[in-house]
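Heads up: the structure comes next, in structure tokens.
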Ligand SMILES: Nc1nc2c(ncn2[C@@H]2O[C@H](COP(=O)(O)OP(=O)(O)OP(=O)(O)O)[C@@H](O)[C@H]2O)c(=O)[nH]1
Ligand SMILES: [Mg+2]
């Protein structure tokens with residue numbers, strides 16, 4: 001073998017003989033290929049699918065908003081201006097509903113002066129309550145506000161320069177009527193009538209009457225809390241993507257917010273890693289909007305039964321949010337009797353005045369926890385554990401902590417079962 005001037009004789013001496021060199025080359029190629037596959041696998045980490053379930057108004061969309069607040073705060077902030085319109089609509093609908101009796105008085109007075117039957121036929125909508133604001137998840141409703149969203153930075157310090165005229169006029173009109181709305185809400189007779197009818201508007205979805213002045217101010221921009229409290233009924237199923245961290249790896253999470261309709265959720269049951277089921281505890285004295293014969297709490301328990309007994313969901317992580325604890329607490333404190341609606345509750349005290357948060361959970365709500373647990377035990381196709389949290393999902397701080405532990409649990413459980421990686 002001749003050694004040229006450019007070849008280092010030492011490295012030549014250290015090289016393996018030709019056959020071994022071939023083998024090493026092949027082994028390096030295999031290692032390279034394996035590495036490529038491993039990296040591709042890492043990039044191709046399966047998405048985590050999380051389904052939000054529960055009856056209408058249970059708090060699914062509010063939980064989703066909390067998820068956005070924690071995991072994509074920039075997008076949450078960018079949508080602030082869109083929520084202002086929802087808050088304003090919430091105020092108007094609540095007031096309109098409270099003023100409905102006046103509309104009937106108007107009809108009856110006018111009827112005395114003119115032909116009542118004719119008048120009634122000419123009334124376009126004689127339904128007893130104003131329709132709830134709803135959004136079809138197939139429609140990107142926030143796009144309608146995109147100009148506002150683009151100009152949101154202007155709105156923090158003053159009126160938006162490029163705000164569409166009709167939107168500006170609506171805000172100015174609301175601002176001009178603010179004083180009358182405040183007077184109406186604070187009127188002692190209105191308060192007395194509401195009290196005598198045991199009507200607690202403050203527990204209703206989208207309640208902002210306590211903040212009329214603030215939310216009708218010309219410079220109003222919704223706070224995080226306002227957005228969590230704003231009510232917009234979801235129609236259909238909406239899909240939301242998040243990039244979370246599972247250890248060092250980014251992980252795609254898809255959260256499905258399922259509006260009221262139950263049958264539409266079935267196709268999403270397949271390949272779902274986790275379900276957060278929201279059961280509002282405060283609805284013990286309410287009935288379903290769509291069927292006044294059905295108690296809301298009973299309906300919630302029935303839906304839970306259907307979900308835990310589904311064979312498709314036997315491997316899905318179940319997380320139960322016993323929600324609206326804040327309203328339950330306020331309702332009981334106002335004298336509403338739990339035992340009148342939940343007979344098994346018996347004669348246990350209904351008074352919260354002297355109860356600490358801890359006692360509260362140890363007495364009443366814990367009974368509901370047992371009830372849901374017993375159903376899961378009886379109806380699950382196979383023995384399973386599930387996680388329960390007492391929640392008030394309008395409280396962003398506590399919900400952020402709970403969602404953090406839900407995320408860790410789901411990642412841990414699915415890694416354990418090797419479903420995700
Ligand atoms: N006080 C209080 N209000 C809550 C709580 N959870 C939800 N809400 C309010 O209840 C209303 C209904 O909540 P949503 O999240 O819209 O309910 P949903 O389950 O998405 O309802 P659909 O879209 O009709 O299926 C909203 O105005 C929320 O702000 C809670 O824990 N406490
Ligand atoms: Mg919703």
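Quick notes on this structure:
- Inside segment 240-268, residues that are within 16 Å of ligand 2 (Cβ to nearest atom) and either modelled with pLDDT under 90 or assigned by TED's automatic domain parsing to the domain that holds residue 87 (or both) make up a count of 8.
- The number of residues in segment 49-66 that are near ligand 1 (Cβ under 8 Å from one of its atoms) and assigned to a helix (DSSP H, G or I) comes to 6.
- Residues that are surrounded by 18 or more Cβ atoms within 10 Å (Cβ to Cβ) and in contact with a strand residue (DSSP E or B) (Cβ under 7 Å, 6 or more places away or on another chain) within segment 234-249 comprise 234, 237, 238, 240, 242, listed in sequence order.
- Meets criteria (crowded, with 16+ Cβ neighbours inside 10 Å, touching a residue at least 60 places away in the same chain (Cβ under 8 Å) and within 16 Å of ligand 2 (Cβ to nearest atom)) for residue 303: yes
- Taken over segment 21-68, residues that are more than 16 Å from ligand 2 (Cβ to nearest atom) and at pLDDT 95 or above amount to 0.
- Segment 273-297 - residue that is surrounded by 20 or more Cβ atoms within 10 Å (Cβ to Cβ) and over 14 Å from the mean Cα position of the chain (by Cα) and, of those, modelled with the lowest pLDDT: 284
- Residue within segment 188-200 that is surrounded by 12 or more Cβ atoms within 10 Å (Cβ to Cβ) and within 14 Å of ligand 1 (Cβ to nearest atom) present: yes
- Some residue of segment 222-231 being surrounded by 18 or more Cβ atoms within 10 Å (Cβ to Cβ) and more than 30 Å from residue 387 (Cα to Cα): yes
- Selection within segment 250-261: residues that are surrounded by fewer than 18 Cβ atoms within 10 Å (Cβ to Cβ) and assigned to a strand (DSSP E or B). The member of this set that is nearest to ligand 1 (Cβ to nearest atom) is 254.
- In summary, residue 359 fulfils each of the numbered conditions (1) at pLDDT 90 or above; (2) over 21 Å from the mean Cα position of the chain (by Cα) with the single exception of condition (1).
The values are calculated or read from the model by the stated rules, or taken from the named source; none is laboratory data. All figures in this text were calculated on a predicted structure; none of them were measured in a lab. Counting neighbours? That spans all protein chains shown, and the Cβs are built from the backbone with ideal geometry, glycine included.
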